[in-house]
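Undergrad: Okay, handing you the structure first.
Bear in mind that the values in this text are calculations on the coordinates, not laboratory data. What you see is a predicted model, and the numbers here were worked out from it, not measured in a lab. Quick reminder, even Gly has a Cβ in these numbers, built from the backbone with ideal geometry, and neighbours come from all protein chains shown.
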Amino acid sequence: MEDRGDGLRLVLVGPPGAGKGTQAEFIAAVLAVPKISTGDIFRANVATGTPLGVQAKRYMDAGGLVPDEVTINMVAGRLAEQDAADGFLLDGFPRTTPQAVALDKLLADLGSALDVILELIVDEDEVVRRLSGRRTCRGCGKIWHVEFDPTSRDGICDRCGGALFQRDDDKAETIAERMRVYARDTAPLVDYYGAQGKLVGIDATGPVEDVTVRANDALRSYGG
Ligand code: ADP
Ligand code: AMP
């Protein structure tokens, strides 16, 4: 980590369903940095019907990616907020090489740089099982799974009592398209960050708590 006396600038990469959102919450709390999830920001905009949400929705529903320019502008705005000045955890961004290049430039212009990219490694069969059973709380956003991480009462969040919902893009045909998009547009980032010497991969199979331990162990040497 560059010695700037501040928090970690971290990116999580991995296929849809790898557990990025699940782990992001724990890792961001340990590192005391804000979690910035582009998927969450788009979904919040869809839910409130903003122009950005209206624009993003058709790409999301089809399992595609929101155009780079729109996404990069949104992230640039978010990273300019005060709470991201001393480190952040990005979940779901970058997802294309142009996004990664733009992020590097954005940070360089601010006199900083990413410290580490944590890759969550899970095979495709497992991520499909994870996505098919994913449920999210409408109240607090906590991520559950009907089989792997069930709530004690069906459809009700154990943490806040909110109602759970299934994401529109977690349908079988959309999942298949998202996997294709990941392989084509996002997987090349592993080489991009590998070439920068900033990539650390962990086995993201097994219980959620075990993956969290592996993630925190991997980040410790970066000051995490
Ligand atoms: P991503 O943000 O990478 O798309 P999520 O964090 O939303 O993935 O996880 C996808 C689904 O898999 C969720 O239903 C979550 O509860 C479940 N999940 C996450 N981590 C694990 C794990 N280690 N084992 C089993 N299921 C998991
Ligand atoms: P996620 O919650 O990360 O699975 O994202 C849900 C959807 O939001 C994706 O399938 C895309 O349609 C859109 N999205 C999220 N992040 C990005 C990004 N970095 N670039 C383009 N589209 C994105």
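Undergrad: Amide H of ASP158 versus every other amide H placed in the peptide plane: which residues, excluding those fewer than 5 positions away on the same chain, fall under 5 Å?
TA: Close amide H contacts, sequence-distant or interchain: SER152.
Undergrad: Oh, and also: Taking GluC sites (Glu not before Pro) that fall in a DSSP loop and have at most 16 other Cβ atoms within 10 Å as cut points, what is the longest piece of the chain between them?
TA: 3-80
Undergrad: Kindly flag which residue pairs out of LYS105/LYS171; LYS105/LYS142; LYS35/LYS105; LYS142/LYS198; LYS20/LYS105; LYS171/LYS198 have an alpha-carbon separation exceeding 26 Å in this structure. Intermediate values should be presented prior to the final figure.
TA: Details: LYS105/LYS171 36 Å; LYS105/LYS142 32 Å; LYS35/LYS105 20 Å; LYS142/LYS198 29 Å; LYS20/LYS105 24 Å; LYS171/LYS198 34 Å.
Distance filter (> 26 Å) returns LYS105/LYS171; LYS105/LYS142; LYS142/LYS198; LYS171/LYS198.
Undergrad: Let me ask something else about it. Enumerate by residue number the trypsin sites (Lys or Arg not before Pro) in the stretch 162-210 meeting two conditions: DSSP loop (anything except H, G, I, E, B), and at most 13 other Cβ atoms within 10 Å of the site's Cβ.
TA: Nothing satisfies the criteria.
Undergrad: Let me ask something additional. Charges at C-beta only: +1 for Lys and Arg, -1 for Asp and Glu. How large is the resulting dipole of the chain about its Cα centre, in Debye rounded to 20? Mind dumping the intermediate values first?
TA: On the way: 26 positive and 35 negative charges, 118 e Å.
The dipole magnitude comes to about 560 debye.
Undergrad: Mind running the shape call on the chain? Use the C-alpha gyration tensor, a ≥ b ≥ c as the square roots of the eigenvalues: rounded below 1.5 for a/c, prolate if a/b tops b/c, oblate otherwise.
TA: Rounded shape, in that the Cα axes give a/c under 1.5.
Undergrad: For GLU69 and LEU110 in one chain, what is 0.36 nm times their gap in residues minus the Cα-Cα distance, to one decimal in nm?
TA: Length gained, GLU69 through LEU110: 12.8 nm.
Undergrad: How far apart, in nm, are two points set 7 Å out from the Cα along the Cα-to-Cβ line at ASP6 and at GLN82?
TA: 1.3
Undergrad: Counting pairs of alpha carbon atoms under 8 Å apart in space and at least six apart in sequence, what relative contact order in percent does the stretch 1-71 give?
TA: Here the relative contact order equals 17 percent.
Undergrad: On to the next question. Search the structure for amide H atoms under 5 Å from the amide H of TRP144, placed 1.01 Å from N in the peptide plane, and list their residues when 5 or more places away or on another chain.
TA: ARG135, THR136, CYS137
Undergrad: Calculate for the chain the 222 nm mean residue ellipticity that helices alone would give, adding -39,500 (n - 2.57) per DSSP H run of length 4 or more and normalising by residue count, nearest 500 deg cm²/dmol.
TA: Values: 9 runs with 99 residues, N = 224.
So the helix-based figure for the chain works out to -13500 deg cm²/dmol.
Undergrad: In debye to the nearest 20, how big a dipole does the stretch 110-224 give about its Cα centre with +1 on each Lys and Arg Cβ and -1 on each Asp and Glu Cβ? Display every interim value, and only then the final one.
TA: Working: 16 positive and 21 negative charges, 92 e Å.
So the dipole magnitude of the stretch 110-224 works out to roughly 440 debye.
Undergrad: Label ILE121 and VAL30 with points 7 Å out from Cα along Cα→Cβ: what is the distance between them in nm?
TA: Once both label points are built, they end up 1.8 nm from each other.
Undergrad: Among DSSP beta bridges lying fully in the chain, give the percent that are antiparallel, nearest 5.
TA: 35
Undergrad: What number, in percent, do you get for the relative contact order of the chain if the mean sequence gap of Cα pairs under 8 Å and at least 6 apart is divided by its residue count?
TA: The normalised contact order for the chain reaches 30 percent.
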